Every structure is written in structure tokens, then in C-alpha cells.
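Trainee: The structure's right below; bear with me while I get my questions together.
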Amino acid sequence: MNPVIKKISWVIFALLSCLIGLYPIIYFIIERNFGLLQSKSEELLSNPLWNTAFYTHIILGGLALLIGWTQFPKAFRDRNRKIHKKIGMVYVTAAFFSSIAGIYIGIRATGGIVSILGFVSLGIIWLGTTMMGWLTAKKRDFDSHENWMIYSYAACFAAVMLRIWLPILMNIYQGEFIPAYQIVAWLCWVPNMLVAFFIVRRRKMTSVL
């Protein structure tokens with residue numbers, strides 16, 4: 001890849017991660033009857049357990065998104081091993097609780113079984129890849145650790161892609177929320193995982209050469 005294009009791509013990637021990572025702050029500044037919450041019933045919005053899971057998911061998920069991208073530049077890791085480890089533990093902790101909360105709220109997702117399966121699958125994959133990343137780091141298998149964390153952050157980055165794809169799909173479906181949401185439940189993360197797969201495969205091929 002052209003170095004200039006690569007640098008621009010990283011800037012965009014980091015900027016999107018930071019912007020959406022900070023997005024949950026909005027819920028504490030203005031009334032929360034906007035965005036995805038508009039599709040929820042009053043009964044669900046008044047449920048204490050659902051609200052606990054929702055705020056756990058968005059706050060810790062936002063934190064994971066906000067700090068996770070900083071872990072990938074090799075130069076940063078090599079110069080700041082202790083900082084890398086500390087940020088990594090914060091990311092893993094945030095991702096652990098956010099993914100579990102995400103699985104719970106995914107069970108009540110708008111759009112029925114299609115949306116439910118999409119978001120619950122995302123939560124399980126995010127949890128599983130993050131835990132594998134943590135376990136391989138504990139075993140000092142750092143190549144596998146990096147591969148698993150690429151998958152983990154690809155799942156985390158679904159928060160960004162959802163907010164990019166949903167307005168596009170809403171426009172395609174002329175404002176119809178349900179079909180757009182059913183598609184975005186899968187579209188926000190499946191392509192991310194494919195990109196992660198090719199990145200990991202390229203890393204493995206490079207290490208063999």
C-alpha cells in the first residue's frame with residue numbers, strides 16, 4: 001500500500017474509533033429518546049436490568065473502541081511495553097463486560113430473530129476472540145495474541161460500521177427501520193471479520209517467508 005494512503009487510512013481509522021468511542025457521552029448530556037432507543041418499547045426502557053446492561057455495553061464498549069486502536073502500531077508497542085500491557089488489560093476488561101452486556105441486550109434486539117442472531121453472534125465472537133487474545137498473551141504466544149486481538153477489535157469496530165451502514169440502509173429502504181436494522185445486525189461486523197481474516201492470513205504468510 002502507498003505510504004501516504006496507509007497514513008491517511010490510519011488517521012481515518014483512529015478518528016472514527018475516537019468519535020464513536022466518545023459517542024456514549026451524548027446519552028448523559030441530552031434526553032435519550034434518539035437513535036436506536038427510539039425503536040424500543042417503554043416497558044423495555046424502564047427495565048432496570050436492561051438499562052444496566054445497555055449502559056454497561058455502551059460505556060465500556062466506547063472505552064474499548066477509544067483505546068483499542070492505539071495498540072496496533074508496532075513502534076508504539078516496542079517503545080512502551082508496560083503501557084501496552086496496561087492499556088491491553090483495560091481493553092480486555094472493558095470488552096469482557098461490554099460483550100456480555102451486548103449479548104443480553106441483543107436477545108431483546110428490535111427486528112426479531114434476524115437481528116437477535118446477528119447481534120448475539122457479534123457479542124459471542126467479541127467475547128471469544130478477546131478471551132483468546134488474553135489467554136495467548138498469558139502464555140506469551142505473542143503472534144497468536146496479536147492475531148486474536150485483530151479479530152477482537154474488528155468485532156469492536158462494529159460500533160463504527162453500524163453507524164455508517166444504518167443511515168445508508170435507511171435511505172435504501174426509504175426510512176423503513178426494521179429491514180435496515182435486520183441487515184445492519186450482520187453487515188456491521190461480518191465484513192470486519194473478513195478483513196481481519198485477510199490481515200491475519202497475510203501476517204502468517206509474511207512470518208513464514
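The values are calculated or read from the model by the stated rules, or taken from the named source; none is laboratory data. No experiment lies behind these values; they were computed from the predicted model shown. Neighbour counts run over all protein chains shown; Cβ positions are idealised from the backbone, glycine included. Just so you know, the surface numbers come from the protein's heavy atoms only, side chains and all, with ligands and any DNA or RNA stripped out. Shrake-Rupley method; radii C 1.70, N 1.55, O 1.52, S 1.80 Å.
Trainee: Could you pull out every one of the aspartates and glutamates with an alpha carbon less than 13 Å from that of LYS85, ignoring same-chain neighbours closer than 8 positions?
Mentor: Correct list for LYS85: GLU146.
Trainee: Taking 30 Å as R0, compute the FRET efficiency from the Cβ-Cβ separation of TYR173 and ARG81 and round it to 0.05.
Mentor: That gives a FRET efficiency of 0.05.
Trainee: Report the trypsin sites (Lys or Arg not before Pro) located in the stretch 119-201 that are in a DSSP loop and have at most 13 other Cβ atoms inside 10 Å of their Cβ, or state none.
Mentor: Sparse-neighbourhood loop trypsin sites (Lys or Arg not before Pro): LYS139, ARG140.
Trainee: Would you list the membrane-span-like helices of the chain, meaning whole DSSP H runs whose alpha-carbon atoms span at least 30 Å along their axis and whose mean Kyte-Doolittle value is at least 1.0?
Mentor: Membrane-span-like by this criterion, though nothing is claimed about a membrane: 112-138.
Trainee: By accessible area of protein heavy atoms, probe 1.4 Å, what ranking do TRP189, TRP148 get, highest first?
Mentor: These residues rank, largest area first, as TRP148, TRP189.
Trainee: Using a 1.4 Å probe on the protein chains only, how many percent of the accessible area of the chain belongs to carbon and sulfur?
Mentor: 70 percent
Trainee: Working out 0.36 nm times the residue gap between ARG202 and ILE164, then minus their Cα-Cα distance, what length gain in nm do you get to one decimal?
Mentor: 11.0 nm
Trainee: Something else: Given DSSP loops and a limit of at most 16 other Cβ atoms within 10 Å, what is the longest stretch of the chain that contains no such GluC sites (Glu not before Pro)?
Mentor: Formally, the longest exposed-site-free interval is 32-175.
Trainee: Continuing with this model, one more query. What shape does the stretch 1-96 take by its C-alpha gyration tensor, where a ≥ b ≥ c are the square roots of the eigenvalues and a/c under 1.5 counts as rounded, a/b above b/c as prolate, and the rest as oblate?
Mentor: Cα axes put the stretch 1-96 in the oblate bin.
Trainee: Per residue, how large is the accessible surface of the stretch 139-207? Use a 1.4 angstrom probe and give square angstrom.
Mentor: I get 58 Å² per residue for this part.
Trainee: Rounded, prolate or oblate: which fits the chain when a ≥ b ≥ c are the square roots of the eigenvalues of the alpha-carbon gyration tensor, with rounded for a/c under 1.5 and prolate only if a/b beats b/c?
Mentor: Prolate shape, in that a/c is at least 1.5 and a/b is the bigger ratio.
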